[in-house]
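Since the structure comes first, as structure tokens, the remarks are kept for the end.
The values are calculated or read from the model by the stated rules, or taken from the named source; none is laboratory data. The structure presented is a predicted model; accordingly, all values stated were derived computationally and were not measured. Glycine also receives a Cβ, built like all others from the backbone with ideal geometry; neighbour counts cover every protein chain displayed. All accessible areas refer to the heavy atoms of the entire protein, side chains included, with ligands and DNA or RNA removed. Shrake-Rupley method; radii C 1.70, N 1.55, O 1.52, S 1.80 Å.
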Amino acid sequence: LHGKWVNRKHETLLGIIPCPKWRIRTLDGSLINCDPTDTLIPDLVTVSQATEEHGPEFHIYDAKYYAPWFGRHLQKVPGIESVTKQLLYQSAYRNFIIDNGFTRVTNTFLIPHDETEFVEKGDVSFDVVADEGEPFTRFIDVLLAPAATLLECYTRHRPLETDITA
């Protein structure tokens, strides 16, 4: 961690996402601040250390619990609210990512399937919401994930022993 983040090293990555700031108008017309409310909660955020090939990377995953159908006409894919929220996650982490020198951000929808391997299925973008420029991404990768493998990792409290970054 670098800069101001060193003093926050005991917080989780969830703890650094800001909350919406609500204010209410009182009877005399003045505005008063309200207590913090819920904020964005990503399913899974990981970081990878720098290697000889690349610098440190920041990864944001959102698990989906249904099986979309991918063809020319999509069915049951993540909706606009999921796409928007997924891109907002990297905006919420923007200062942390820049200050700590991450060289790449990946944003991924994990979708269960019955096969045994991870399959890069495609991506989605929504330029109205996306951050511009490196290390940020305009795309959310769609990765089909082997449901049985992930369930076994979860039930046995074991980490996944493969690199699933797209």
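I need a count of the residues in segment 67-77 that are under 18 Å from Ala145 (Cβ atoms) and either open to solvent by 100 Å² or more (accessible area, probe 1.4 Å) or modelled with pLDDT of 90 or more (or both).
Total meeting the criteria: 2.
Among the residues of segment 51-61, write down those that are surrounded by 10 or more Cβ atoms within 10 Å (Cβ to Cβ) and either without any contact (Cβ under 8 Å) to a residue 24 or more places away in the chain or over 22 Å from the mean Cα position of the chain (by Cα) (or both).
Matches in segment 51-61: none.
Can we say Thr37 is assigned to a loop (DSSP other than H, G, I, E, B) and open to solvent by less than 100 Å² (accessible area, probe 1.4 Å)?
yes
Which of (1) of a type outside the set (Lys, Arg); (2) more than 19 Å from the chain's Cα centre (by Cα); (3) within 17 Å of Leu40 (Cβ to Cβ) does Leu88 not meet, given it meets every other one?
All conditions are met except number (2).
Of all the residues that make up segment 129-161, how many are β-branched (Val, Ile, Thr) and under 15 Å from Ser82 (Cβ atoms)?
Residues in segment 129-161 being β-branched (Val, Ile, Thr) and under 15 Å from Ser82 (Cβ atoms): 3 in total.
Looking at (1) at pLDDT below 90; (2) open to solvent by less than 60 Å² (accessible area, probe 1.4 Å); (3) in a loop (DSSP other than H, G, I, E, B), which is the only condition Pro42 fails?
Against the list (1) at pLDDT below 90; (2) open to solvent by less than 60 Å² (accessible area, probe 1.4 Å); (3) in a loop (DSSP other than H, G, I, E, B), Pro42 comes up short only on (1).
Suppose the filter is open to solvent by less than 30 Å² (accessible area, probe 1.4 Å) and either at pLDDT below 90 or among the basic types (Lys, Arg) (or both); does Lys64 pass it?
For Lys64, the condition - open to solvent by less than 30 Å² (accessible area, probe 1.4 Å) and either at pLDDT below 90 or among the basic types (Lys, Arg) (or both) - is met.
Within segment 115-141, how many residues are open to solvent by less than 40 Å² (accessible area, probe 1.4 Å) and in contact (Cβ under 8 Å) with a residue 40 or more places away in the chain?
Residues meeting the conditions: 8.
Criterion first (touching a Leu at 6+ places or on another chain (Cβ under 9 Å), at pLDDT 90 or above, part of a helix (DSSP H, G or I) and surrounded by 17 or more Cβ atoms within 10 Å (Cβ to Cβ)) does Phe96 satisfy it?
In short, yes.
Have a look at Ile24, Ile32, Ile16, Ile80 and point out the one that is among the aliphatic types (A, V, I, L, M), open to solvent by less than 50 Å² (accessible area, probe 1.4 Å) and over 26 Å from Leu151 (Cβ atoms).
After ruling out the rest, the residue left standing is Ile16.
Answer yes if at least one residue in segment 107-122 is on the phi > 0 side of the Ramachandran plot, of a type outside the set (Ser, Thr, Tyr) and within 17 Å of the chain's Cα centre (by Cα), and no otherwise.
yes
Considering every residue within segment 43-56, establish whether at least one is of a type in the set (A, V, I, L, M, F, W, C), under 29 Å from Pro112 (Cβ atoms) and in contact with a Ser or Thr (Cβ under 7 Å, 6 or more places away or on another chain).
For segment 43-56, residues of a type in the set (A, V, I, L, M, F, W, C), under 29 Å from Pro112 (Cβ atoms) and in contact with a Ser or Thr (Cβ under 7 Å, 6 or more places away or on another chain): absent.
Which ones in segment 99-108 are open to solvent by 20 Å² or more (accessible area, probe 1.4 Å) and not small (Gly, Ala, Ser)?
Once the filter is applied, which keeps residues that are open to solvent by 20 Å² or more (accessible area, probe 1.4 Å) and not small (Gly, Ala, Ser), segment 99-108 yields Asp99, Phe102, Thr103, Arg104.
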